[in-house]
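Student: Sharing a structure with you now.
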Amino acid sequence: MPFDRGLLPEPVAYFESEGVPLKGPGKWMTGPCLDHGGSDSLRVHRASGAGVCMACGVKWGGVLGHHMHRHGIDFVDACKALGAWVEDGRSGSTRQA
């Protein structure tokens, strides 16, 4: 399979590169929600990148899910943008119907 989860960026560094500075010492870090403009309502899991905004309710399951949501792109395009898509040389479409 061309998707390699192990190539996804580390969550804290990824969010900082997306303009979402995170703070806090625990499993769940706090930051600004880019969807509604809140300054400290976003909670992001340090290890997985899963997140939820406590104010507007937007949520995602990890770095990949956030990238898809934030940039309005599909799974394959998000994987490619994050460097987690490895071309395997198979002919034909890489997308499933």
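The values are calculated or read from the model by the stated rules, or taken from the named source; none is laboratory data. All values derive from a computational prediction rather than experimental measurement. Backbone-built Cβ (ideal geometry, glycine too); neighbour counts: all protein chains shown. Keep in mind that these areas ignore ligands, DNA and RNA; they rest on the heavy atoms of the full protein, side chains included. Shrake-Rupley method; radii C 1.70, N 1.55, O 1.52, S 1.80 Å.
Student: I'd like the trypsin sites (Lys or Arg not before Pro) in the stretch 26-94 restricted to DSSP loop residues with at most 11 other Cβ atoms within 10 Å, sorted by number.
Tutor: Lys27, Arg90
Student: Between Lys23 and Phe75, what FRET efficiency follows from the Cβ-Cβ distance if R0 is 30 Å, with the result rounded to 0.05?
Tutor: Computed FRET efficiency for Lys23 and Phe75: 0.50.
Student: Here's another thing I want to ask about it. Enter the accessible area of Val52 (Å², nearest 10), with the probe set to 1.4 Å and all protein chains included.
Tutor: Result for Val52: roughly 40 Å² accessible.
Student: Quick one: order Met29, Met54 from most to least accessible surface, probe 1.4 Å.
Tutor: Final ranking, largest accessible area leading: Met54, Met29.
Student: Please report, largest first and rounded to whole Å, the three semi-axes of the ellipsoid equivalent to the stretch 1-82, where each semi-axis is the square root of five times an eigenvalue of the C-alpha gyration tensor.
Tutor: Output for the stretch 1-82: semi-axes of 21, 14, 10 Å.
Student: Excluding ligands and nucleic acids, what accessible area in Å² is computed for Leu42 using a 1.4 Å probe, to the nearest 10?
Tutor: Solvent-accessible area, nearest 10 Å²: 10 Å².
Student: Express in nm, to one decimal, how much length is gained between His45 and Leu7 on full extension, taking 0.36 nm for each residue of separation and deducting their alpha carbon distance. Walk me through the intermediate numbers first.
Tutor: Numbers: separation 38, 0.36 × 38 = 13.68 nm, distance 1.81 nm.
Separation in residues times 0.36 nm, less the Cα-Cα distance, equals 11.9 nm.
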